[in-house]
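To start, the structure under review is shown below, and the notes come after it.
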Amino acid sequence: MPQLALLSRHRLGAVLAVWFLALPLRAEEAMSLEQAMRSVIRIQATTMQPDLTVPWNAGRIGRGTGSGFVIDGKRVMTNAHVVSNARFLGLQRPDSPNLVPATVAFVAHDCDLAVLEVEDESFFAGLAPLPLGGVPRLDSAVVTVGYPVGGNRASVTRGIVSRIEFQTYAHSGLDAHLTIQTDAAINPGNSGGPVMQDGRVVGVAFQGIPGALAQNTGYMIPTPVIERFLGDIADGRYDGYPELAIGTFNLLNRPARAHYGLAPDGNEGQLVTSVQPQGSCDGLLERGDVLLSIDGHPILSDGQIDLDGERILMFEVVERKFVGDKVVFGVLRGGRKLTVEVTLKGAWFYHYRARQHDRPPRYLVFAGLVFQPVNHDLMRAYQVTDPAVLDAYEFFISDEVYVERPEILVLSNILADPINTHMNEFQMSVVDSVNGQRIGTLAELDAAFSAPAERYVITFQGGLLPLVLEADRVAAARDRIARQYGIEQDKNIGRAPHEGVVP
């Protein structure tokens, strides 16, 4: 899959669901392009980007611009990546040079959307909220409005809808949702701006493929994703997308179908290959179950269903639901048919593989030893090649490690000091225990180091030798190491993903 790049100006590097095509246009009155452009906002952001290799530092300051547009409730919609890690946000109307401070009311990093609020409501005087439309059809024309590179005034580009499918959203690097591809020029700075058709917003510009790989290829977040985000935050908080947290296999092989009690020549049934503990289906579905239907729709052996005359993946039914909603499966288990009702919830254990935003790095410095939880950002920051860490990262979910150890903790760095000489061979090792206590979270590691002891004996997974520190020398070295390396805070334990942190 081509590398996708985010399209806010400070982020330069960074299965078809066609039932949506039948969505009716909204009742709100469409507006002319000239009217709509009055409600497209330029966003200036000053950000602080963390550096995981020196997690106690505030981070690098960055500045960039993006676009947004006025929606109902005197709010501005934009992309999450435009406002991520922001320390200051300024909004500029197209008819004024003034910057008006704004704050993030809601942000959804898993679908790259955010809603901003402005304390001074006079900012919205004369600005009409842009109405939402449906999903544009293939080969139909769309117009992108925003503030891309090359000038300070609003820009308008026209193009054709060329593809509608599920794709990974570059902002999180993990989550995939419905995406629309267009050949309208979508450039850095366009991020968060509206893509319009027939006087209504049909998408939010958000990412593209770099020009070296593809020409005139940009992507927008379509209105079904936008409306789901707005529906999620209607109760005052964002819960994120639910997950079934199961593995499935296509039952296309005739002997396999016969083995699981299906007609060899039939075309129904999807095999359950795994059910993740603590997921939505834990205790309800079982490995070896054959899924026959979802919410009354028969499931074909390739995992698709027919809905409103169109073929879609069964997982896309869950894509439309919220945390707390239910989904009903028809199941074949051991030759017996039964009905299984699943209450949907999120799957915290997937989040370690997503890019992290708006959270300071979590870490613990002890005797110059830097301990951090493993996630996507750490693997990227340190360019990890150690086989033990790579294995721990790769098999964290499939081996169900997270059930007993919600976090993978590594000794990521060693700040050289007399107390930790000759310990380099332990760097980038996965922590197993401290003084005989198994360690599964950063908070547990902090508690183990805070407990009175003569010495601290740290063992690592797969290691033959322990790392041993004398307690009295640790206390004496603390201030010295803090001064030498400019460490104002020697730890940020924070909240682990399993403690209810939403995307």
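The values are calculated or read from the model by the stated rules, or taken from the named source; none is laboratory data. Values in this document were obtained by computation on a predicted structure and should not be read as measured data. Positions of Cβ are generated from backbone atoms using ideal geometry, with glycine treated the same way; all protein chains shown enter the neighbour counts.
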| So residue 234 clears everything in (1) surrounded by fewer than 18 Cβ atoms within 10 Å (Cβ to Cβ); (2) closer than 30 Å to residue 402 by Cβ; (3) under 26 Å from the mean Cα position of the chain (by Cα); (4) aliphatic (A, V, I, L, M) except one condition, right? Which one? | (2)
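Say whether the condition of being in contact with a Lys or Arg (Cβ under 6 Å, 6 or more places away or on another chain) and in the same structural domain as residue 30 (by TED's automatic domain parsing) is met by at least one residue in region 163-172. If you could, list the steps in order and put the result at the bottom.
Pass one, region 163-172, residues in contact with a Lys or Arg (Cβ under 6 Å, 6 or more places away or on another chain): 172.
Checking the rest, the ones that are also in the same structural domain as residue 30 (by TED's automatic domain parsing) come to 172.
Yes, some residue in region 163-172 is in contact with a Lys or Arg (Cβ under 6 Å, 6 or more places away or on another chain) and in the same structural domain as residue 30 (by TED's automatic domain parsing).
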| helices (runs of 4 or more DSSP H) lying entirely in region 219-334 (those with 1 or more residues that are in the same structural domain as residue 145 (by TED's automatic domain parsing) and at pLDDT 95 or above) | 223-232
| query | Filter region 342-366 for residues that are within 12 Å of the chain's Cα centre (by Cα) and not in a loop (DSSP other than H, G, I, E, B); which is nearest to residue 445 (Cα to Cα)? | reply | 352
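Within region 494-503, identify whether any single residue is on the phi > 0 side of the Ramachandran plot and within 27 Å of the chain's Cα centre (by Cα), and answer yes or no.
The first filter runs over region 494-503 and keeps only residues on the phi > 0 side of the Ramachandran plot, leaving 494, 500.
Now narrow it down to the ones that are within 27 Å of the chain's Cα centre (by Cα): 494, 500.
Within region 494-503, one or more residues are on the phi > 0 side of the Ramachandran plot and within 27 Å of the chain's Cα centre (by Cα).
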| request: Quick one: count up the residues across region 266-306 that are surrounded by fewer than 18 Cβ atoms within 10 Å (Cβ to Cβ) and touching a helix residue (DSSP H, G or I) at 6+ places or on another chain (Cβ under 9 Å). | output: 5
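For residue 452, state whether it is under 22 Å from residue 492 (Cα atoms), under 30 Å from the mean Cα position of the chain (by Cα) and not aliphatic (A, V, I, L, M). Give the derivation first.
Numbers: under 22 Å from residue 492 (Cα atoms): yes; under 30 Å from the mean Cα position of the chain (by Cα): no; not aliphatic (A, V, I, L, M): yes.
When the stated conditions are applied, residue 452 does not pass them.
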| task | Being within 24 Å of the chain's Cα centre (by Cα), of a type outside the set (Phe, Trp, Tyr) and in a loop (DSSP other than H, G, I, E, B) narrows it down to one of 189, 151, 134, 203, so name that one. | result | 189
| remark: In region 418-445, anything out of contact with any strand residue (DSSP E or B) (no Cβ under 9 Å at 6 or more places or on another chain) and either among the hydroxyl-bearing types (Ser, Thr, Tyr) or surrounded by fewer than 17 Cβ atoms within 10 Å (Cβ to Cβ) (or both) is listed as 418, 421, 422, 425, 437
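Taking region 472-483 only, how many residues are of a type in the set (Gly, Ala, Ser) and surrounded by 15 or more Cβ atoms within 10 Å (Cβ to Cβ)?
The total comes to 2.
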| message | Contact list please: Cβ distance under 8 Å, first residue in region 384-405 and more than 22 Å from residue 278 (Cβ to Cβ), second residue among the β-branched types (Val, Ile, Thr), pairs at least six apart or on different chains. | response | 388/430; 389/374; 389/408; 389/410; 389/430; 390/384
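Of the residues 52, 25, which single one is at pLDDT 95 or above and either surrounded by 15 or more Cβ atoms within 10 Å (Cβ to Cβ) or outside any loop (DSSP other than H, G, I, E, B) (or both)?
Numbers: 25 fails: at pLDDT 95 or above.
Exactly one of 52, 25 is at pLDDT 95 or above and either surrounded by 15 or more Cβ atoms within 10 Å (Cβ to Cβ) or outside any loop (DSSP other than H, G, I, E, B) (or both), namely 52.
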| From 448, 392, 388, which residue is at pLDDT below 95, surrounded by 12 or more Cβ atoms within 10 Å (Cβ to Cβ) and touching a strand residue (DSSP E or B) at 6+ places or on another chain (Cβ under 7 Å)? | 388
| field | Breaking point among (1) among the basic types (Lys, Arg); (2) closer than 28 Å to residue 294 by Cβ; (3) in a helix (DSSP H, G or I), for residue 337 | value | (3)
| remark: Of the conditions (1) at pLDDT 95 or above; (2) surrounded by fewer than 14 Cβ atoms within 10 Å (Cβ to Cβ); (3) within 33 Å of the chain's Cα centre (by Cα), the single one that residue 462 does not satisfy is (1)
